[in-house]
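Reviewing the structure listed below.
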Amino acid sequence: MAATPSNMLPLGTPAPDFKLLDTISGKYLTYKDIKGDKGTVIMFICNHCPYVLHVNSEIVKIANEYKEKGIGFAGISANDVKNYPQDAPGLMTKHAKEVGYRFPYLYDESQDTAKAYQAACTPDFYVFDANDLLVYRGRLDESTPKNNEPLTGKDLRKALDWLLAGKMIPDNEQKPSIGCNIKWKNPEEVKLREVKFKKS
């Protein structure tokens, strides 16, 4: 398993818009279609990554719980399906039903959305406030498939609770996620973009 950290997009960044196929409903959805009244969580995930498989149960719990509180959720898979056919849209539909996703599971075929979010790994989490500005990015919690830490979702839960309470999420609570790298179609191009991003 690769261990790739989040790029940590700057806080305050406006949510990049998109129009992507929802593999559950068969409709094309935009950011506006999935956003919540009080905030929005965008998750870069995929079907096969062991890090995502490890946290799926907690993702489902959090989405079900916080959707009732006005938070919108969407998962996005941007992997290159030519080289990783297990992440193809048809299998995304099947996977979403098996795992119990009750949020849109979007297919980023061009990978433009993942690039706009500076997504680096699966899973990678982004929380936007009611004004669609980034207030949290990084990990679900410290649990990974091999470190024996309990899966609680505490970091993302804490960020959402602060957001709902109208509080700023402290910098020391913003920790990068760790996961499999996104399977880019042109990895060298993405590496150059990441270098420029980290220097700016």
Worksheet item: Which stretch or stretches of segment 15-34 have amide N atoms under 19 Å from the point lying 7 Å from Asp132's Cα along the Cα→Cβ direction?
Response: 15-22, 28-34
Discussion item. Quick check on the chain: of the DSSP beta bridges with both residues there, what percent are antiparallel, nearest 5%?
Written reply: 70
Worksheet item: Under a point spin-label approximation (7 Å from Cα along Cα-to-Cβ), what is the Asp161-Leu91 distance to one decimal in nm?
Response: 3.8
Practice prompt. Using a 10 angstrom cutoff on alpha carbons, build the Gaussian network for the chain and name the most mobile of Lys167, Lys67, Lys146.
Written response: Lys146
Discussion item. Counting other beta carbons within 10 Å of each residue's own, what order do Lys158, Lys35 fall into, fewest first?
Written reply: Lys158, Lys35
Worksheet, complete the sentence: The FRET efficiency for Lys61 and Asn186, from their Cβ-Cβ distance with R0 = 35 Å and rounded to 0.05, is 0.45
Worksheet item: Can you give the helix-only mean residue ellipticity at 222 nm for the chain, where every DSSP H stretch with n ≥ 4 adds -39500 (n - 2.57) and the sum goes over all residues, rounded to the nearest 500 deg cm²/dmol?
Response: -9000 deg cm²/dmol
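No lab work stands behind these numbers, since they all come straight from the coordinates. What you see is a predicted model; the values in this text were computed from it and never measured. Every residue, glycine among them, receives a Cβ derived from its backbone with ideal geometry; neighbour counts consider all protein chains shown.
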